[in-house]
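The values are calculated or read from the model by the stated rules, or taken from the named source; none is laboratory data. Not measured: the values here are computed from a predicted model. Cβ sites come from the backbone with ideal geometry, for glycine too, and all protein chains shown count toward neighbours. Just the protein is used for accessible areas: all its heavy atoms, side chains included, with ligands, DNA and RNA removed. Shrake-Rupley method; radii C 1.70, N 1.55, O 1.52, S 1.80 Å.
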Amino acid sequence: MTLPADLVHELSLLAQYDVSDSQTGLKVHHDAAAETVAAAQRLFDKGLVSQHDGGYLTKLGLEAAEHLASVQRILG
């Protein structure tokens, strides 16, 4: 199984969120790499983050980020 590049970019961005602090968000600036800007928009479209340019994790986003953190711990 291979992961599509778009999914890898989304996971990479999601992994940058601090799951231990719901008051900490991310801001993806318009001049960031195109794949990062697009990943932020897709996470927003999927309901995982509160803004098209990052913002805060939604409830679903927090759940996904926590699962991702678990995978990182297992594989790390």
Next item on the list: Take the chain, connect every pair of alpha-carbon atoms lying under 10 Å apart with a spring to form a Gaussian network, then pick out the residue of 41, 16, 51 with the largest mean-square fluctuation.
Entry: 16
Next item on the list: Can you pull the one-decimal nm distance between simple spin-label points at residue 52 and residue 71, each 7 Å off the Cα toward Cβ?
Entry: 2.7 nm
Checklist line | Accessible surface, the chain, averaged per residue in Å² (probe 1.4 Å) | finding: 68 Å²
Notebook entry, point to check: How much solvent-accessible surface does residue 50 expose, in Å² to the nearest 10, with a 1.4 Å probe and all protein chains in place?
Noted result: 50 Å²
Next item on the list: Report, by chain and number, residues whose modeled amide H sits under 5 Å from the one on residue 15, excluding near sequence neighbours (fewer than 5 apart, same chain).
Entry: none
Item checked: Whole-Hz ³J(HN,Hα) from phi, Karplus 6.51 cos²θ - 1.76 cosθ + 1.60, for the stretch 6-21, glycine and proline x -> 4, 5, 4, 5, 5, 5, 4, 5, 4, 5, 7, 6, 8, 6, 8, 9
Notebook entry, point to check: To the nearest 10 square angstrom, what accessible area does residue 19 show with a 1.4 Å probe?
Noted result: 50 Å²
Note to self: Looking at the chain as a GNM with Cα springs under 10 Å, which of 34, 65, 15 has the largest mean-square fluctuation?
What the structure shows: 34
